[in-house]
Amino acid sequence: GAGVSQSPRYKVAKRGQDVALRCDPISGHVSLFWYQQALGQGPEFLTYFQNEAQLDKSGLPSDRFFAERPEGSVSTLKIQRTQQEDSAVYLCASSLQGEGEQFFGPGTRLTVL
Amino acid sequence: KQEVTQIPAALSVPEGENLVLNCSFTDSAIYNLQWFRQDPGKGLTSLLLIQSSQREQTSGRLNASLDKSSGRSTLYIAASQPGDSATYLCAVLDDKIIFGKGTRLHILP
């Protein structure tokens, strides 16, 4: 596609529910990144893929967070047993290679009640 | 640990003025530095990317400079317009990308 797309754009979950957030990167982009952005803050790194390999997951805040990119294109960020502190905008970005310019999707705004 | 600071946190200027946004980082061992724009409720739009070997990049009314040795970057916006109102984020890439908290810019018509 022309840009990075994310779905859903908005997600409301009850505390304890599992959620799955999808990212479609720009076609041909090798690298994919997930970020969490709290209100009034800059995005914070969660995890990084190069093709299907998850090279860095040091930013995932707990073992309730899991990301995958099984075929090296679309990625899913899964949050199990959501908590209120998980409420944030989750941004996905892709780049041609790890050190290149990153292009961001519109984000998924997650609200946990 | 890399830390990125943006000053000021918020800025209001009259339309037509030139302005400078500042970004500082604590570890100079970076691959690149990128400036983004974020509109309310939207994702990030890349404005300029400066590789570690470069000193500046220009795009239209925007000019970004990089001084690795002092850990500083500036984003210069010429002849500001109301449409420039947004949050501007600076990010550095070392082993991962680290963002500042942004500068909220409001251009007064």
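Test A:GLY28 against the criterion of being at pLDDT below 95 and surrounded by 15 or more Cβ atoms within 10 Å (Cβ to Cβ), and give yes or no.
It is false that A:GLY28 is at pLDDT below 95 and surrounded by 15 or more Cβ atoms within 10 Å (Cβ to Cβ).
If only one of B:LEU11, B:LEU48, B:LEU44 is touching a His at 6+ places or on another chain (Cβ under 8 Å) and surrounded by 12 or more Cβ atoms within 10 Å (Cβ to Cβ), which one is it?
The unique qualifying residue is B:LEU11.
Is there any pair linking a residue in the range A:60-85 that is under 16 Å from A:ARG22 (Cα atoms) and surrounded by 14 or more Cβ atoms within 10 Å (Cβ to Cβ) to one that is modelled with pLDDT under 95 and of a type in the set (Lys, Arg), with Cβ under 8 Å and at least six apart or on different chains, and which?
Qualifying pairs under 8 Å: A:ALA67/A:LYS57.
Based on this model, can you work out whether B:ALA64 counts as surrounded by 13 or more Cβ atoms within 10 Å (Cβ to Cβ) and in contact with a Gly (Cβ under 8 Å, 6 or more places away or on another chain)?
In short, no.
Checking the condition surrounded by 18 or more Cβ atoms within 10 Å (Cβ to Cβ), of a type in the set (S, T, N, Q) and within 24 Å of A:GLU44 (Cα to Cα), which residue from B:GLN38, B:GLN57 passes?
B:GLN38
So which residues in the range B:1-58 are of a type in the set (D, E, K, R) and either part of a loop (DSSP other than H, G, I, E, B) or at the interface with another protein chain (Cβ under 10 Å from one of its Cβ atoms) (or both), if there are any at all?
B:LYS1, B:GLU3, B:GLU15, B:GLU17, B:ASP27, B:ASP39, B:LYS42, B:ARG55
The values are calculated or read from the model by the stated rules, or taken from the named source; none is laboratory data. Everything numeric here is computed off the predicted structure, so don't read it as measured data. Here the Cβ is made from the backbone with ideal geometry for all residues, glycine too, and neighbour counts use every protein chain on show.
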